[in-house]
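Asker: Let me give you the structure first, and then I'll get to my questions.
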Amino acid sequence: MTDIKNKTAFVTGAASGIGFALAEGLLKRGAKVMLVDIDAEGLKAAQEKLGTENTASIVCDVADPDAVKAAASATIEAFGNVHLIFNNAGVSLPGRPGRIAAEDWKWIIDINVLGVAYGCESFIPHIMGHGEGGHIINTASTAGHVTGVGMAPYFASKFAVVGYSEALAQELAEANIGVSCLCPTWVKSNIHNTPDKAPVAGQYRDKFKASKAYETIKGYIENGMDADVYAELCLKAVEANRLHVFNDPEARVAVEMRGKALLSDYDANLKDLGL
C-alpha cells in the first residue's frame, strides 16, 4: 500500500507505546484510525491526545474473538471500508521450563498469537470484499527470530507470529493485501509491566520482577528507541510493502548466527543421509 492517505486503520494496543505512535503517524499521513485497547482509561487519554478528528476508539480484549469481531464491525460502521489492520497488542511473560503454569501459557498465547489471528480473520474477508487493497501488520519481535534464557513463552508466541505473517504474505498477495511483521528489539513501551496481569502470579514471576535481570530488561526498554521513530519506520515499510521490520543493527548478528546454525544442522543431517 503505497499511499496511506484517506485509508482507514484499525490499531490494537493503541493506548501507549508502539500502538499509540502508529496511530499518531497514521493520522499525520491523513488516515482515519480506530484506536483499540483493553485499557479503558489509557484509551480515553490516548484519544484526548490525538483528538477526535478522524479517530474513534473502542475498548476490546483481543483474546476474545467475539470482542474483536464487534470492534471490527464498529470500525466499519464508523468509517466505512477498512484497509490497514495493525494487530499490535501484546504482552510479555517470563518463566523457566518446568515452572510455567498452564494458565500462563494460555494467557500469552491467547493475546500474542490468537489475538493476532482474530484480527486477521475478522478483517480479511472485508478487505477482499471491498477490493480496494489493504495491508496486515502483525507485531512480533526480534524474539520471533532469536531466543535467550528465561522468556520461553514469549519467544514461542513471537515465533508463531513471524511464521503466521510469512504465510499470510504468500496467501494474500494475489488479493492485493500486503503483510508486514514488526520485529523490533528495545522500543520504549510498557510491555515489561504486563506480567502482573497474568492469571497466575507464580513465585518465579514475583522473583523475576525483583531480580537484577528484570531491572536490566526494564532499563533496556526505558532507554530503547523512541516509539515514534520505530512507528515511522513501520509505516515506511507498509508503504514499501516490506515484510519484516527490524530496527537494531546489533541484533542483526544474532539473526545471522541463527541462520548459519540452521544451515549447519541441515547440512549435517543431509550428510548423515548420504546426500
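Asker: Can you tell me the orientation of helix 115-130 relative to the chain, as the angle in degrees between its alpha-carbon axis and the longest Cα principal axis, to the nearest 10?
Answerer: 40 degrees
Asker: Let me ask you something else. To the nearest 20 Debye, how big is the dipole of segment 8-250 about its Cα centre, given +1 on the beta carbon of each Lys and Arg and -1 on that of each Asp and Glu?
Answerer: Value, rounded to 20: 600 debye.
Asker: Most exposed first by the Cβ proxy, i.e. fewest other Cβ within 10 Å, how do His145, His126 rank?
Answerer: His126, His145
Asker: Could you grab the relative contact order for the chain? Cα pairs under 8 Å, six or more apart, rounded to a whole percent.
Answerer: Value for the chain: 20 percent.
Asker: Here's another thing I want to ask about it. Let me check against my output: what whole-number percent is the relative contact order of segment 1-109, with C-alpha pairs under 8 Å and at least 6 apart?
Answerer: Value for segment 1-109: 29 percent.
Asker: Tally Lys/Arg at +1 and Asp/Glu at -1 over every other residue whose Cβ is under 14 Å from the Cβ of Arg242; what's the total?
Answerer: Within the 14 Å Cβ shell, the charges total -2.
Asker: What does the charge count around Ser16 come to, taking other residues whose C-beta lies under 10 Å from its C-beta (Lys +1, Arg +1, Asp -1, Glu -1)?
Answerer: -1
Asker: Related question: Around Tyr164, with a cut-off of 12 angstrom between Cβ atoms, what is the net charge of the other residues, counting Lys and Arg +1 and Asp and Glu -1?
Answerer: So the environment of Tyr164 carries a net charge of -2.
Asker: Another question, if that's okay. Which Cα, out of Val36, Phe155, Gln170, lies furthest along the positive dipole direction of segment 8-250 (beta carbon charges, K/R +1, D/E -1)?
Answerer: Farthest towards the positive pole: Phe155.
Asker: Please sort 227-236, 157-166 by packing, taking for each peptide the average over its residues of neighbouring beta carbons within 10 angstrom, highest first.
Answerer: Top to bottom by mean Cβ count within 10 Å: 157-166, 227-236.
Asker: Give me D for the chain in µm² s⁻¹, whole number, from Stokes-Einstein with Rh from the Kirkwood sum over alpha-carbon pairs, 4 °C and 1.567 mPa s.
Answerer: Rounded, D is 67 µm²/s.
Asker: Same structure, new question: Cα gyration tensor of segment 149-188, axes a ≥ b ≥ c as square roots of the eigenvalues: rounded (a/c below 1.5), prolate (a/b > b/c) or oblate?
Answerer: Oblate, since a/c reaches 1.5 and b/c is not below a/b.
FYI, it's all coordinate maths here, none of it is from the lab. Given the structure is predicted, the values throughout are model-derived calculations rather than measurements. Glycine also receives a Cβ, built like all others from the backbone with ideal geometry; neighbour counts cover every protein chain displayed.
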